[in-house]
Amino acid sequence: MKTPEDQIKELEEEIRKLPYHKGTERHIGVLRARISILKDKQLESQNRKSGGGGGYAVKKQGDATVVLVGPPSAGKSTLLNALTNAESKVAPYSFTTVSVIPGMMKYKNAYIQILDVPGLIEGAEEGKGRGREVLSVIRNTDLLIIMSDGERIEAIPRIQAALERNGIRVNKRPQRIRIKRHLNGGLTINTNIRQDLDRDTIKDIINQMGIKSADVYLEENITVEGLLDALSKNRVYIPALYVVNKADMGLPKKIPVELESGFIKMSADKGEGLAAFQESIWKALGLATIYLLKPLQEVNHDNSMVVKVGMTLKDVMNEIGTEFSEGKTKAKIWGEGAKFAGQEVSLETKIKENMIVRFI
Ligand SMILES: Nc1nc2c(ncn2[C@@H]2O[C@H](COP(=O)(O)OP(=O)(O)OP(=O)(O)O)[C@@H](O)[C@H]2O)c(=O)[nH]1
Ligand SMILES: [Mg+2]
C-alpha cells in the first residue's frame, strides 16, 4: 500500500507537470485539495504521537508567550538570558539548547514568557529529533521571533517555509470565508466580490474536502490556498518578528523578500538593540497598559492593568474585580484617549495605551 508521503509526492509531481491556466485550474485545485487532506492526516497522527507527556510541554504563564526560533548558534539563548531571569546555556557550537527553556521578561507592567527552543524546525517534517514537539510549542504561542545572523539571513525564509508546510501561517490572516454546513441541499456559493476562481473550481475543491452541502460566503477574492486553509482544521495564524542578530559582525548583503517589510537588528551579547526589540514585541502582541481608579480615588498610576489593544471598557470590566466596577454603567477617563481630563464615556469606548479609568 502506498504511504501518504508517497501519495503526496505523486500528486505534487502531477501538478508540476501541468501547465497552469484557466483550463487546468479546476483539476489542479482538486489535486491540491487531495494533498491538503493527506497532509492534515499526517499532521494529526504526528500531533497524536508527540502529544501528551512530552518533555517539551511547558506551561503557558504570564500575559503572553513568545517563542524564539532560528538556526543553531543564532544567539537565541544569549537573547533569552539578556531579557529574562533564565540561564540558558550559551556555547559557540550548534545544538547547545536541547529542550525548551522558559524565561520571564517584565516589560511595562506585563509579564511576557519567552521560550528558547532547540533549533530543530528544519527537518521536523521528516520527524527528525524532537522537531515535532518544537512545532507544537510554536503552534501555541502568541508571537514568534525568527532569528538568524547576517551571514545566514536566508535561514529566516527557510524556517518560515518549513513552518508553512506544517500548517503554521506566519504573518498572515485567514481569508474571509464563512461556511454554514447543512445535512443536504448541495453547495451554494455566495459572494458580492469578483472572484478569480471559477465557481466550479471552488465547488470541486470544497466537495473534495468532504463538504457536500453548505452555504459558502466569500467576503473577498479567494485563492485556492485560502480556501484550503479555511477548510482545514490544522491551520494556525501566528504573527512573527524577524531578527538579524550579531549585527556587530556585519549586516546581510541581500535582503530576502520576506524581510523587505522590516526586520530588527541587534547584538544580543553586547545588549545592543534590545530596548527597541522589547518595544516591538509589545506592539506585535497588541498589549497596552491602563490604570484603574477606585470610585473615590484621586487620579494616580497605582493600579495598572495589562490589556489587549481593541478591548472596550466593558471588556475590561468583565476581567476585573468588583471593587472597581460593581454596578457601574459608564466611565470617566483621563490621559490618553480623553478629550479633556475626566471625560465621561460609554463602556463601548475602546481603551488606549496609558488611559486612566474610573467606572461610575
Ligand atoms: N558576535 C556576536 N556573537 C554572538 C552574539 N550573540 C550571541 N553570540 C555568540 O554566538 C554563539 C551561539 O550563541 P547561543 O546563544 O548559544 O546560540 P543559540 O541560538 O542558542 O544556539 P543553539 O542552542 O545551539 O541552537 C555564542 O558563542 C554566543 O556568544 C552577538 O550579538 N554577536
Ligand atoms: Mg541555545
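Of these, Asp269, Asp315, which one is assigned to a helix (DSSP H, G or I), more than 27 Å from Ala341 (Cβ to Cβ) and of a type outside the set (S, T, N, Q)?
On the way: Asp315 fails: more than 27 Å from Ala341 (Cβ to Cβ).
Going through Asp269, Asp315 in turn, just one is assigned to a helix (DSSP H, G or I), more than 27 Å from Ala341 (Cβ to Cβ) and of a type outside the set (S, T, N, Q): Asp269.
Considering the range 76-90 alone, what residues qualify as being farther than 13 Å from Met147 by Cβ and crowded, with 17+ Cβ neighbours inside 10 Å? Explain how you work it out, then say what you get.
Filtering the range 76-90 for residues farther than 13 Å from Met147 by Cβ gives 81, 84-90.
Selection gives Asn81, Thr84, Ala86, Ser88, Val90.
Confirm whether Val216 is assigned by TED's automatic domain parsing to the domain that holds Ile114 and part of a strand (DSSP E or B).
So Val216 does not fit the description; no.
Does Asp269 satisfy the criteria of being over 27 Å from Leu43 (Cβ atoms) and either surrounded by fewer than 19 Cβ atoms within 10 Å (Cβ to Cβ) or not aromatic (Phe, Trp, Tyr) (or both)? Spell out how you get there, then give the answer.
On the way: over 27 Å from Leu43 (Cβ atoms): yes; either surrounded by fewer than 19 Cβ atoms within 10 Å (Cβ to Cβ) or not aromatic (Phe, Trp, Tyr) (or both): yes.
Considered against the rule, which asks whether it is over 27 Å from Leu43 (Cβ atoms) and either surrounded by fewer than 19 Cβ atoms within 10 Å (Cβ to Cβ) or not aromatic (Phe, Trp, Tyr) (or both), Asp269 comes out as yes.
Could you list, ordered by first residue, the pairs with Cβ atoms under 8 Å in which the first is in the range 243-258 and in a loop (DSSP other than H, G, I, E, B) and the second is of a type in the set (Lys, Arg), at least 6 apart or interchain?
Leu251/Lys265
So, of the residues in the range 96-120 that are within 8 Å of ligand 2 (Cβ to nearest atom) and in a loop (DSSP other than H, G, I, E, B), which turns out to be farthest from Leu287 (Cα to Cα)?
The extreme case among them is Thr96.
I want to confirm something. Restricting to the range 74-92 and keeping residues that are under 17 Å from Val134 (Cα atoms) and without any contact (Cβ under 8 Å) to a residue 40 or more places away in the chain, which single residue is nearest to ligand 2 (Cβ to nearest atom)? Write out each step before concluding.
The initial filter retains those residues of the range 74-92 that are under 17 Å from Val134 (Cα atoms), namely 74, 76-77, 80, 88.
Going one step further and asking which of them are without any contact (Cβ under 8 Å) to a residue 40 or more places away in the chain, we end up with 77, 80, 88.
On the way: Ser77: 3, Leu80: 8, Ser88: 6 Å.
Filtering first and then ranking leaves Ser77.
So which of Gly250, Gly226, Gly262 ends up being outside the structural domain of Leu135 (by TED's automatic domain parsing) and of a type outside the set (Ser, Thr, Tyr)?
Values: Gly250 fails: outside the structural domain of Leu135 (by TED's automatic domain parsing); Gly262 fails: outside the structural domain of Leu135 (by TED's automatic domain parsing).
It is Gly226.
Consider Leu197 carefully, then state whether it is within 18 Å of Lys39 (Cβ to Cβ), crowded, with 17+ Cβ neighbours inside 10 Å and out of contact with any strand residue (DSSP E or B) (no Cβ under 8 Å at 6 or more places or on another chain). Working first, answer last.
Values: within 18 Å of Lys39 (Cβ to Cβ): no; crowded, with 17+ Cβ neighbours inside 10 Å: yes; out of contact with any strand residue (DSSP E or B) (no Cβ under 8 Å at 6 or more places or on another chain): yes.
Judged against the criteria, Leu197 is not a match.
For Met147, only one of the following conditions fails: (1) surrounded by fewer than 19 Cβ atoms within 10 Å (Cβ to Cβ); (2) modelled with pLDDT of 95 or more; (3) within 16 Å of ligand 2 (Cβ to nearest atom). What is its number?
The one condition Met147 does not meet is (1).
The values are calculated or read from the model by the stated rules, or taken from the named source; none is laboratory data. Keep in mind it's a predicted model, so treat the numbers as computed, not measured. Ideal geometry is used to build each Cβ from the backbone, glycine not excepted, and the neighbour counts take in all protein chains shown.
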